[in-house]
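Asker: Before we start, here is the structure in question, set down as structure tokens.
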Amino acid sequence: MRLPLRVKVPASSANLGSGFDTVGLALSLYNFFDVLETMPEGEYSIDIIGEGSTELSRDIGNQFIQSYEKACDSWGIAKKGLRVRSSNAVPLARGLGSSSTAIVGGVMIANLFRDVPLSREALLPLMVEAEGHPDNVVPCCLGGMVVSCWDNGELKFVKMPRLPQDIVAVVAVPDFKVSTKDAREALPQNVSMKDAVFNLSRSALLAASWATGKFDNLPWAMGDKLHQPFRSKLFPGGETILREVKEIPECTGVAISGSGPSVIAFSNGSGNPVAKLMCSIFTKYGVRSRFFVLDEDYQGTVIESLPGLRREI
């Protein structure tokens, strides 16, 4: 391996409504982890630019470093110190998989120090174990829309066909945070058989429609009764966005992104009418917001060379 190098890791949107803790989609918004040089074991220097630059740890507490060290420990290899530059475009704590980018990036770098590096697919169980569930890290690593199941350390997944080029993902990101802890605690411990069947039918329809290109089904297929009715109450405008955005003709499905508070909608064309409506609803509820019009990232995490002096490590 030669340094410096860059790990390019995409954002991801989990659940897509009915696929709770199971479905995720990689998006064309990226965090970049530039590994500039090695240092003595246990020493780290992290420069953070962009999202999270005033909040994220710059030492051993950084999630990228924790993931890197965890992978090294699991394989019994030396934990070389690193000088890293992290350039972040994925909003922090907004339901777009920012923590997954750090986990995936850290494991991918550790893998390069192995005598025989593993395939990306072989790295997934370690990534899922670090995250706790597969819906963000698997598409973050592999790209595309992925359906995943995780049980007792065993992972099964299917990467779905690409989105059509005329469908874009519009993500509205409010200036409001919902902690993962609060989002989990908002969920009921028990659900009715009726609601369970509702979600089972919608998630099956979501996967089948995506696999066969019947994207007109998405407004129905993204319906949910397990988490969105509860999480949409945690941020201003959430319930209104889910109700009103799906009614405009340009929208082909809307959902809370991950545990929120960002909201993702699929749209034909430019996506501007959908973005305008979502942001106007946030404004109506007194919350500033911004939006991204994104494509599906189908490549997943990649490692690229950086121009400049190469160092053998």
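Asker: When you scan region 151-158, do you find a residue that is free of Cβ contacts under 8 Å to residues at least 60 places away in the same chain, crowded, with 22+ Cβ neighbours inside 10 Å and more than 30 Å from L234 (Cα to Cα), even just one?
Answerer: Taking region 151-158 as the starting set, the residues that turn out to be free of Cβ contacts under 8 Å to residues at least 60 places away in the same chain are 151-158.
Imposing the further condition that a residue be crowded, with 22+ Cβ neighbours inside 10 Å reduces the set to none.
Looking through region 151-158, none of the residues is free of Cβ contacts under 8 Å to residues at least 60 places away in the same chain, crowded, with 22+ Cβ neighbours inside 10 Å and more than 30 Å from L234 (Cα to Cα).
Asker: I've got another one for you. State all residues of region 270-306 that are small (G, A, S), in a helix (DSSP H, G or I) and over 20 Å from the mean Cα position of the chain (by Cα); if no residue qualifies, say none.
Answerer: Once the filter is applied, which keeps residues that are small (G, A, S), in a helix (DSSP H, G or I) and over 20 Å from the mean Cα position of the chain (by Cα), region 270-306 yields only S280.
Asker: In the list V138, V178, which residue meets the criterion of being touching a Leu at 6+ places or on another chain (Cβ under 8 Å), over 22 Å from T301 (Cα atoms) and of a type in the set (A, V, I, L, M)?
Answerer: On the way: V138 fails: over 22 Å from T301 (Cα atoms).
Every option except V178 fails the conditions.
Asker: For region 1-20, how many residues meet the condition of being more than 16 Å from S98 (Cα to Cα) and in contact with a helix residue (DSSP H, G or I) (Cβ under 9 Å, 6 or more places away or on another chain)?
Answerer: Here the count works out to 7.
Asker: Restricting attention to helices (runs of 4 or more DSSP H) lying wholly within region 179-269, give those where 3 or more residues are among the aliphatic types (A, V, I, L, M) and free of Cβ contacts under 8 Å to residues at least 40 places away in the same chain. Explain how you work it out, then say what you get.
Answerer: On the way: elements: 180-185, 193-212, 218-221, 228-231, 238-244.
Per the criteria, 193-212.
Asker: Any idea how many residues of region 251-265 are more than 13 Å from the chain's Cα centre (by Cα) and not hydrophobic (A, V, I, L, M, F, W, C)?
Answerer: Total meeting the criteria: 3.
Asker: Residues being surrounded by fewer than 24 Cβ atoms within 10 Å (Cβ to Cβ), in a helix (DSSP H, G or I) and in contact (Cβ under 8 Å) with a residue 60 or more places away in the chain: count how many of those fall in region 110-141.
Answerer: 3
Asker: Against the condition crowded, with 18+ Cβ neighbours inside 10 Å and either part of a loop (DSSP other than H, G, I, E, B) or not assigned by TED's automatic domain parsing to the domain that holds V254 (or both), how does V146 come out, does it pass?
Answerer: So V146 passes the test.
The values are calculated or read from the model by the stated rules, or taken from the named source; none is laboratory data. All values reported here derive from a predicted model rather than from experimental measurement. Don't worry about glycine lacking a Cβ; one is built from the backbone with ideal geometry, like all the others, and counts go over all protein chains shown.
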